[in-house]
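The values are calculated or read from the model by the stated rules, or taken from the named source; none is laboratory data. Because the structure is a prediction, the values reported are computed rather than measured. So basically every Cβ, Gly included, is an ideal-geometry build from the backbone, and we count neighbours across all protein chains shown.
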Amino acid sequence: MDKLRQALFFLTVLCLLMPSYAEAQQTKITVLDKESKQPVSYAHLKIEALDGSFQRQAITNEQGKVHTTVKSKSEVTISYVGYETLHDTITPGKKVTYLLKPSALDMEEVVITGQYTPERTDNSIYKIKVLDSKKIKMKAANNLRDMLASELNFKISQDNILGSSLSLQGVSGENVKILVDGVPVIGRMNGDLNLSQLNLNNVERIEIVEGPMSVSYGTNALAGAINIITKDHVRDNLEGTINTYYESVGRYNIDASVAFSRQDDSFLFSGGRNFFDGYNIKDTSRNVQWKPKEQYFGDFKYKHAYEDLRLRLASRLFRETVLDKGPPVRAVNTDEGYYYYRARDGYYKTWRASQKASLTGNISNRNYVDLSFSYSFYRRNKEVYQKNLYTQEKKLVDNPDDLDTSTFHAWQFRGTMSRNKRDTTRLRYQIGYDISMESGRGSKIEKNNQTINDYALFASLKYRFFDNLLVQAGSRLAYNTQYDPPVTPSLNFKYDISEQFHFRASYGKGFRAPSLKELYLSFQDLNHDIRGNQNLQAENSDNFKVSGVFSRKTEAYGFKIEPDFFYNSIENRIGLIERTELNNSGGQVDTSLYYSYQNYDVYKTLGYRIRFHYEHKDIVGFTLGYSRIGRYNEFAKGLSNGEDYVFSPELVLKMRYDFTPFGTQFNLDYKYTGELERYQITFDNEYVKYTEADYHMLDFSLNQSFFENKLDVVAGVKNIFDVNNIRTTGTTDGVHSGSGSSRPVRWGRTFFMDVSYNF
């Protein structure tokens, strides 16, 4: 009897301990590609108990593995872009491997820009567009300008000294936040960043959010954010790429990268050189419209994985030299008694560098952190030489206006903590801080040295009222050393009408403080005279956006229909205004190249976009998009453009065809940009209307892979319609166009070839 009692006692204790033991056990899951058997990194797992007692989210690491605690028998859902979603049932304490089947019909991707944690695009409360590495490769895009030129709602402007700039939803690039791995890019000339300086040689994807992101990213994010995500994970112990690019206009590029991993550590090195020989429609032998350019760049990234945390260190270096060759001028050598030709040549040298350290991941079952520190450096040097074209000797000129070096430093401390566990409370939140400090030094900067700092706290709450209604409210509170920023709120809705139809609506308020360049920098070269204004006021904006997504996927095909509507209103908009300067006797002087920053009163944009995307198995891809953007200017003292809105259309067509038997892919990329009316106000409070003609762009490329995708060749034709300059009417020589009758767009029809080898 005593033995029976002892047995019953131990059996009872064992039964009581078993649940807690099972609860403490970890389930080990590995996710692999079904065809290549390679790990699927950053796959998304949703684990939900069959009895509804708990729900958990997880992300696989670089080896495609995740360890998670499962309390009871549960359903697991595994998803990742480019793969079919997998469903299964798992039990606590098991070790299981899942094979995901590749699928071109899964059109959703995982994004991080503006998110609490990495999120699929269909689950994100923001409408996010992703341009992945395959699209970059097929377009043979060397820089951000090449990639965005054919995208809907983007308009690229070209200045052959200052570089290329953009507008988004009709709002200029000063109000678009551009980041590389979350680090803001500094060095805006004329208010815009030079997109051709942002290389894409080591980029995994580009994430684009249209609409104000001021709560998350502060100033310069009125119109949206563009985040360039570089590669940082290694699937094999050692891998590398060598890439060469040739374009018949005179572009010769080469770059290489090597990456290796050892247990929880991975290293990546990349670098290269881009060279452009210069181009002119008519051979002038020396002075050309598209200036010769040489770029050198290099990246280093290190990552250490510790359980659910990732430590990353990154360094980026960039150097560019642009040569502006002046026209030959006849001169006489009085000592030797002969005639010769000389020219004034301008050299514009740019240095960029950025360093970043970050820590991301789960610190508990409920909390996800993203902490980072970054330092960015930018310097632009201008030198003008007098060159003897007979002896080839050159001498630095003595005029101080022809010599200039401006240097900028920026430090950023940023951190967020987010509730990561999506349980039955339906509530998630994010709190964060954002400290930005920028300083500028140079002879053309007021008092030779200026500083502007911004300190901000931001927070948002995300609540799921019903299974299909998600609401997010956020706000940013900031202190600026130059301005008194307002509280910037935002409100977002996402309503899932069905599994196929998603509806989003948002309102956001934006704030943009004038930059150091707009306030203090005077910029002069052979073609420009731009002067800062210390009396500028900050910009404030309101943005409304409504968008929908209807999608359908079957085993044979998948498609999306995406309509968008938006409205932007910016008060105290900052722009360049032609100024009138008086000489000592009170008479006017020539001011055709003299511009100063001033505040407009109100600038508005209103428009819509509709996009249709279709995929048929792994063979055909088709995208058709149309947008219409209206612009309205209301200048100081009641001046306006005289109409409510002036509209301009855009049309985009992209086609892809995979010839599977030979592994060949064909791509066609077309964009129509409609006629655009612009308005410029003078310092005398007179506004000038001018019109840019419409134009068509068409690119074609062919991709062929060899030796099991180790050798990849992309060849084709860019700018098939041979567009060079577009006609402008109703204006005189200006800061952007350089001519009252035309504006540069592209450098005509070219042939290209891109060859890369992967090992």
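Data overview
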quantity	calculated
Residue in region 389-399 that is surrounded by fewer than 17 Cβ atoms within 10 Å (Cβ to Cβ), at pLDDT 95 or above and assigned to a strand (DSSP E or B) present	no
Only one of LEU222, LEU200 that is closer than 22 Å to PHE297 by Cα and touching a helix residue (DSSP H, G or I) at 6+ places or on another chain (Cβ under 8 Å)	LEU200
Boolean, SER418 is modelled with pLDDT under 95, in a strand (DSSP E or B) and within 30 Å of GLY532 (Cβ to Cβ)	no
Residue identified as surrounded by 15 or more Cβ atoms within 10 Å (Cβ to Cβ) and more than 24 Å from the chain's Cα centre (by Cα) among LYS382, LYS356	LYS382
Boolean, ASP122 is in the same structural domain as VAL40 (by TED's automatic domain parsing), over 16 Å from the mean Cα position of the chain (by Cα), surrounded by fewer than 18 Cβ atoms within 10 Å (Cβ to Cβ) and not hydroxyl-bearing (Ser, Thr, Tyr)	no
Condition check for TYR116: in a strand (DSSP E or B), aromatic (Phe, Trp, Tyr), within 30 Å of LYS28 (Cβ to Cβ) and over 17 Å from the mean Cα position of the chain (by Cα)	no
Count of residues meeting criterion [of a type in the set (D, E, K, R) and in contact with a Gly (Cβ under 9 Å, 6 or more places away or on another chain)] in region 168-223	6
Residue ID - surrounded by the most Cβ atoms within 10 Å (Cβ to Cβ), chosen from residues in region 362-379 that are assigned to a strand (DSSP E or B) and modelled with pLDDT under 90	ASN362
Residues satisfying the stated conditions in region 215-231, i.e. part of a loop (DSSP other than H, G, I, E, B) and buried (at least 20 other Cβ atoms within 10 Å of the Cβ)	GLY218, THR219, ASN220, ALA221, LEU222, ALA223
Test: residue in region 330-337 that is closer than 26 Å to LYS65 by Cβ, modelled with pLDDT of 85 or more and either assigned by TED's automatic domain parsing to the domain that holds ASP370 or basic (Lys, Arg) (or both)	no
Unique residue being more than 25 Å from the chain's Cα centre (by Cα), loosely packed, with under 13 Cβ neighbours inside 10 Å, of a type in the set (Phe, Trp, Tyr) and within 30 Å of GLN263 (Cα to Cα) when the list is TYR306, TYR339	TYR306
Flag for GLN158 being in the same structural domain as LYS718 (by TED's automatic domain parsing) and either out of contact with any Lys or Arg (no Cβ under 8 Å at 6 or more places or on another chain) or assigned to a loop (DSSP other than H, G, I, E, B) (or both)	no
The one condition in (1) modelled with pLDDT under 75; (2) under 30 Å from LYS654 (Cα atoms); (3) among the charged types (D, E, K, R) that ASP590 fails to fulfil	(2)
Every pair of residues 6+ apart whose Cβ atoms lie under 6 Å, when the first sits in region 41-55 and is touching a residue at least 40 places away in the same chain (Cβ under 8 Å) while the second is hydroxyl-bearing (Ser, Thr, Tyr) and crowded, with 16+ Cβ neighbours inside 10 Å	ALA43/THR60; ALA43/TYR80; HIS44/SER79; ILE47/SER74
Meets criteria (in the same structural domain as SER315 (by TED's automatic domain parsing), farther than 30 Å from THR117 by Cβ, hydrophobic (A, V, I, L, M, F, W, C) and touching an Asp or Glu at 6+ places or on another chain (Cβ under 7 Å)) for LEU403	yes
Sole exception among (1) within 15 Å of the chain's Cα centre (by Cα); (2) crowded, with 22+ Cβ neighbours inside 10 Å for LEU179, by number	(2)
Residues that are modelled with pLDDT under 90 and part of a strand (DSSP E or B), drawn from region 691-729	THR691, GLU692, SER705, PHE706, ASN725, ILE726, ARG727, THR728, THR729
